[in-house]
Each structure stands twice: as structure tokens, then as C-alpha cells.
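Read-outs: derived from the displayed coordinates by stated rules, not from any lab. Fair warning: this is a prediction, and the values are worked out from it, not measured in the lab. Cβ sites come from the backbone with ideal geometry, for glycine too, and all protein chains shown count toward neighbours.
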Amino acid sequence: MQTPINKRTDIKSIEKHSLLTGAFLLALVLSAKADIDLGGLVSFTLQTLVLGIGYFLLPKIWRFVLILAYIALGIAGLRVFNGGVGWAYVISWPLGFFVGFVLAAYISTPKKITLSNLFSYFLQIHIVIVTLGICVLGWHTGSVHKAIDTLFELLPGIVIKSLLGTGLIWVWNRYYYSQI
């Protein structure tokens, strides 16, 4: 037997998640623009941190809305990415990172909120994104050495952003549940 749907609650949920997704889309675009060029093939941005936090707070379907809207805006020619724009850019060297963004949306949030579970969650997000990104980067450049060098350049940022995401969610979770 199906449970009756409360349309008022359902609309409130859609409104809430639409606004939250829009806010994370804006944060994702801004995080792509705040980059630090480390002299390698890939610059340091805060995109994976924003995605990790967004993916933690959004239901899975809204995670896909977020990342697919981001990629669609870039393909349409809006300057939302860190580098270029359009379809030709998406299917070039950053393709693996974009595919990683989508696949990372499948990662489940921890059932129990502990520091180690949160850190593991953020590391998983980064591992999926960076692994796919490095593989496609190596294929695109034709150089395993460049791909491995890029991986080593990204490792400190992976750890730093995972720690930062862990801390932000830990504090938010403590504050949020102390208000209820």
C-alpha cells in the first residue's frame, strides 16, 4: 500500500533543495574561479571541497541536479569552469575530473558522524575525482609521468580539503543539532 503524499511537505522539500542546490551551484562556480596555479597541468581549486560539502547535505538526486547543471552551463558557453568553456573543453583533458564529479555523487554519506567517518567520506570524494581525472589527463597528454607528477602535486590539496571539509561538517553538525 502506498503512503499518501503530502503535497505541501513535498513542495517545501523541493523548494528547500532547489535553493540549496542553487546556492551550491553558485559556490561551485566561485570555487572554480578561486584557483592557485602550482605550475603544473592542474591548478588548485576548491571545487572538490564544495562538492563534498554539497554532496553531504543534498539528497542523491539533487547531487546529480547540481553537477549536471554545472556541466551543462559550461557546455552552453558560460564561464563556470576553471579553464575553458564549451563541449570541446569538457571532452579534452578535464573530462576525467568531470566524470569523477558525477560518479562522486554516488558516494553515500556516513551513517554515523564521527571525525574519522567524515574524513573518510571526503577522501573518497577526492579519490574518485582525482583518480579519474589523472587517468584521462595521462591519456590526453600521452604521458604517464605527467599524470603521476600531477597526482603528487594534488595530494597535499586532497588532504587539506578533506580535513577542511571534515571540520566544517563536524562544526555545522554540532551547531545544527544543538539548535534542535
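Here are some notes:
- Kirkwood-Stokes translational diffusion coefficient of the chain, alpha-carbon pairs, 37 °C, 0.692 mPa s, µm²/s: 190 µm²/s
- Rounded to the nearest 10 degrees, the angle from helix 115-141 to the longest Cα principal axis of the chain is 40 degrees.
- Tilt relative to the chain, helix 144-178 - C-alpha long axis, 0 to 90 degrees, to 10: 20 degrees
- 0 to 90° range, to nearest 10: angle between helix 7-33 axis and the chain longest Cα axis: 20 degrees
- Structure-based [θ]222 nm, the chain - -39500 (n - 2.57) summed over DSSP H runs of at least 4, per residue, nearest 500: -25000 deg cm²/dmol
- Farthest positive-ward along the chain dipole, Cα basis, beta-carbon charges - from ALA72, LEU20, LEU168: LEU20
- Charge dipole (debye, nearest 20) of the stretch 35-147; +1 at Cβ of Lys and Arg, -1 at Cβ of Asp and Glu: 340 debye
- Local net charge near ALA105, Cβ-Cβ under 9 Å (Lys/Arg +1, Asp/Glu -1): +2
- Only lysine pairs 8 or more places apart, or on different chains, with alpha-carbon atoms under 17 angstrom apart are counted in the chain, and they number 4.
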